[in-house]
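Chemist: This is the structure I have questions about; it appears just below.
The values are calculated or read from the model by the stated rules, or taken from the named source; none is laboratory data. These numbers come from a predicted model, not from an experiment. Here the Cβ is made from the backbone with ideal geometry for all residues, glycine too, and neighbour counts use every protein chain on show.
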Amino acid sequence: MSVLVYVEQAEGKFKKSVFEAVSYAKAIADQQSTNLTAISIGDVTDSELKELGKYGASKVLNVSTDQLKTFVNQAYASVIAAAAEKEGADIVVLSNSFSGKGLAPRIAVKLKAGLADGAVELPSTDGKFSVKKTAFSGKAFAITELTSANKVIALNPNAFGVKENATDAAIEAFTADVKQSDLGTVIKEIVRATDKVSLPDAELVVSAGRGLKGPENWGMIEELAALLGAATACSKPVSDADWRPHSEHVGQTGIAISPNLYIAIGISGAIQHLAGVSSSKVIVVINKDPEAPFFKVADYGIVGDAFEVVPKLIEALKAHKA
Amino acid sequence: MKILVCISNVPDTTTKITFTNDNTEFNTSGVQYIVNPYDEIALSRAIELTEGGKGTVTVINVGEAGNDPTIRKALAIGADDAVRVNAAPRDAYFVAKQIAEYAKDKDFNIILTGRESIDYNGNQVAAMVGEFLDIPSVSIIKKLDVDGDTATIEREIEGGKEVLTVSGKFIASCAEGVAEPKIPNMRGIMSARTKPLAVVDAVAIEEVTKVTKYETPAPRGTVKLIPADQTEQLISLLHSEAKVI
Ligand SMILES: Cc1cc2nc3c(=O)[nH]c(=O)nc-3n(C[C@H](O)[C@H](O)[C@H](O)COP(=O)(O)OP(=O)(O)OC[C@H]3O[C@@H](n4cnc5c(N)ncnc54)[C@H](O)[C@@H]3O)c2cc1C
């Protein structure tokens, strides 16, 4: 029995969400009185792999072959499942990232494991192995018991936090057979907006809605976000109208997020929008309509015209930083 | 080209979510059910890809007879025929196994699902079906074009996108952007009544997960209002009280 955590790299680097997944997996390993192994696939330097030790991984399996340089869902799932078998790991942890969402179910089927995705807490320790996960797009949580011998958990970003737990990580090369049929998808191009904070795992998010009137008014939203180091988001009608890309649409039919701070500007707070953002830790609402439903779930609010309030907020933030 | 689209029967997006039986069951009373919004996107793209005699679209749902109106809605949108695997959907593992069992000898070129259902938010079915059938799966796609035997797909990744190709059979889960959801017209609604809806039995499979209880988020406190001309006060509260900046 042990715990295996998959550590997803992007261009050879681990992101905060990976350290969070390792911290979470370490806490599970402690709960189960066992050890934690991490598995990394792709080109990652030893010094970057060693970083995983800081959060409690005592062993790091490193898979680095030409075939697996870029993400291939099927092949990565095979390698991770093979590592779980070799390590005798009965619990596999991943980040509930875009790639994690594609991998976890395949690993679950390979290991005949129950999968809890969107996990927001450590498993219960009352004898049953149950995980609290988001359901109904954040309108509720489902306590899900994993009744199978093997278990897979995909952790939501920002749900657990990064916890240091210094261990010396031993790095080991690992190889697993990859069938030709596992390499069915071929990546042609990866486009990353490197200067932007990624929305799903952002700690701070500045979001705006139809109250902004048009795409030409997003300059102040981006300026505010850049000052805070925040990601930008929007409501559905805004992405439907192509004012902003679909990848920024948050809510029940967009991305569900739970940042530490969500600033909603000129967004009414319709039930479908709230569904995807109401688990944010702190919510700030700026809306000229004092009756806007968003104020009912906000922690802080300003009733006022966004075109006056946001520039002032930017000034105040600059003064605060100076 | 034969396309299979998996559709889920979910509570309407305006539903206020409540539970009964000591919070162990979802309260279905008064709840309107709809085709899962992301599945509508998948279905719409499937219809576009097969338009003009280029293929057929079959929809599949795992569920009991109460789901038939939702399946008919999918037929009204433009699917050619439908299958219902007659069983209460236990979890994604169960649902994926049923879909894979149905699809395994039917020679579908493409299987599409929505990126997730808006009730259990699993993101699981597509990749699980892919694994059961041993075919590639691509999750959370934003764009899908098909040219002969090769599909070009855009997939969302953190802070960007990835363009990839896949040849031969595959399954993908669709997000916003893949297609505009189609609205059924009168002709669609009329013809949906007579389109074939086959009912097949479920296969047995071991249980791997079970929801034992539901919780609703704790209610939030009341909002602290700050005068519009005192934005510096907001910044200071976010810094020293909320400690988020
Ligand atoms: C099936 C379905 C799924 C949906 N899924 C989602 C989803 O995932 N995400 C989502 O966001 N929506 C979703 N919606 C849409 C949702 O119902 C609302 O229509 C949408 O959230 C409204 O967006 P909005 O608040 O930006 O725009 P509006 O409703 O137009 O509200 C604009 C707000 O801006 C305020 N405002 C206007 N001018 C100013 C100003 N100068 N300064 C300050 N405030 C101003 C107004 O008071 C108003 O409150 C869905 C709807 C359906 C039917």
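Chemist: State yes or no: is residue A:112 in a loop (DSSP other than H, G, I, E, B), free of Cβ contacts under 8 Å to residues at least 40 places away in the same chain and out of contact with any helix residue (DSSP H, G or I) (no Cβ under 6 Å at 6 or more places or on another chain)?
Modeler: So residue A:112 fits the description; yes.
Chemist: Could you go through the stretch B:33-44 and let me know if any residue there is part of a loop (DSSP other than H, G, I, E, B) and either more than 14 Å from chain A (Cβ to nearest Cβ) or within 16 Å of the ligand (Cβ to nearest atom) (or both). Spell out how you get there, then give the answer.
Modeler: First pass over the stretch B:33-44, keeping only residues part of a loop (DSSP other than H, G, I, E, B): B:36.
With either more than 14 Å from chain A (Cβ to nearest Cβ) or within 16 Å of the ligand (Cβ to nearest atom) (or both) added as a condition, the list becomes B:36.
Looking through the stretch B:33-44, at least one residue is part of a loop (DSSP other than H, G, I, E, B) and either more than 14 Å from chain A (Cβ to nearest Cβ) or within 16 Å of the ligand (Cβ to nearest atom) (or both).
Chemist: Tell me, which strands (runs of 3 or more DSSP E) wholly within the stretch A:132-185 include 2 or more residues that are under 30 Å from residue B:121 (Cα atoms), facing chain B (nearest Cβ under 7 Å) and within 26 Å of the chain's Cα centre (by Cα)? Spell out how you get there, then give the answer.
Modeler: Numbers: elements: A:140-146, A:151-155, A:170-173.
Once the strands (runs of 3 or more DSSP E) in the stretch A:132-185 are filtered for at least 2 residues that are under 30 Å from residue B:121 (Cα atoms), facing chain B (nearest Cβ under 7 Å) and within 26 Å of the chain's Cα centre (by Cα), what remains is A:140-146.
Chemist: Taking residue A:279 as meeting all but one of (1) buried (at least 19 other Cβ atoms within 10 Å of the Cβ); (2) small (Gly, Ala, Ser); (3) farther than 11 Å from residue A:263 by Cβ; (4) more than 8 Å from every other protein chain (Cβ to nearest Cβ), write down the number of the exception.
Modeler: Of (1) buried (at least 19 other Cβ atoms within 10 Å of the Cβ); (2) small (Gly, Ala, Ser); (3) farther than 11 Å from residue A:263 by Cβ; (4) more than 8 Å from every other protein chain (Cβ to nearest Cβ), only one is false for residue A:279: (4).
Chemist: Follow-up question, since we're still on this one. What do you reckon, is residue B:3 touching a residue at least 60 places away in the same chain (Cβ under 8 Å), within 16 Å of the ligand (Cβ to nearest atom), among the hydrophobic types (A, V, I, L, M, F, W, C) and more than 15 Å from residue B:216 (Cβ to Cβ)?
Modeler: no
Chemist: I would also like to ask the following. Among the residues of the stretch B:173-188, are any at the interface with chain A (Cβ under 9 Å from one of its Cβ atoms) and within 30 Å of residue A:112 (Cα to Cα)?
Modeler: yes
Chemist: Something else now. Taking the stretch A:225-250 only, how many residues are near the ligand (Cβ under 7 Å from one of its atoms) and touching a Lys or Arg at 6+ places or on another chain (Cβ under 6 Å)?
Modeler: Total satisfying the criteria: 3.
Chemist: Check the stretch B:100-108 and report whether any residue there is more than 11 Å from every other protein chain (Cβ to nearest Cβ) and farther than 24 Å from residue B:9 by Cα.
Modeler: Yes, some residue in the stretch B:100-108 is more than 11 Å from every other protein chain (Cβ to nearest Cβ) and farther than 24 Å from residue B:9 by Cα.
Rundown of residues vs (1) over 23 Å from the mean Cα position of the chain (by Cα); (2) within 7 Å of chain B (Cβ to nearest Cβ); (3) at pLDDT 95 or above, yes/no style:
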| position | (1), (2), (3) |
| --- | --- |
| A:243 | yes, no, yes |
| A:255 | no, no, no |
| A:266 | yes, no, yes |
| A:271 | no, yes, yes |
| A:289 | yes, no, yes |
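Chemist: Under the condition of being more than 7 Å from every other protein chain (Cβ to nearest Cβ) and within 16 Å of the ligand (Cβ to nearest atom), which residue from the stretch A:309-322 is farthest from the chain's Cα centre (by Cα)?
Modeler: A:311
Chemist: Does residue A:90 fit the bill of being at pLDDT 95 or above, of a type outside the set (Gly, Ala, Ser) and in contact with a Ser or Thr (Cβ under 8 Å, 6 or more places away or on another chain)?
Modeler: yes
Chemist: Restricting the first residue to the stretch A:222-244 and requiring it to be among the basic types (Lys, Arg), which pairs with a second residue that is not in a helix (DSSP H, G or I) meet a Cβ separation below 7 Å and a spacing of at least six or different chains?
Modeler: Listed pairs, sorted by first residue: A:236/A:249; A:236/A:251; A:236/A:253; A:236/A:254; A:244/A:234.
Chemist: With the structure loaded, tell me whether residue A:299 is more than 7 Å from every other protein chain (Cβ to nearest Cβ) and out of contact with any Asp or Glu (no Cβ under 7 Å at 6 or more places or on another chain) or whether it fails that test.
Modeler: So residue A:299 does not fit the description; no.
Chemist: Do you know which residues across the stretch A:259-273 are more than 6 Å from the ligand (Cβ to nearest atom) and either charged (D, E, K, R) or more than 16 Å from residue A:199 (Cα to Cα) (or both)?
Modeler: A:265, A:269, A:271
Chemist: Which residue out of A:268, A:247 is more than 23 Å from residue B:39 (Cβ to Cβ) and outside any strand (DSSP E or B)?
Modeler: Working: A:247 fails: more than 23 Å from residue B:39 (Cβ to Cβ).
Only one candidate passes the filter, namely A:268.
Chemist: Moving on to the next point. Need a quick list: helices (runs of 4 or more DSSP H) entirely within the stretch A:1-102 having at least 1 residues that are within 14 Å of chain B (Cβ to nearest Cβ) and within 16 Å of residue A:152 (Cα to Cα).
Modeler: A:16-31, A:73-87
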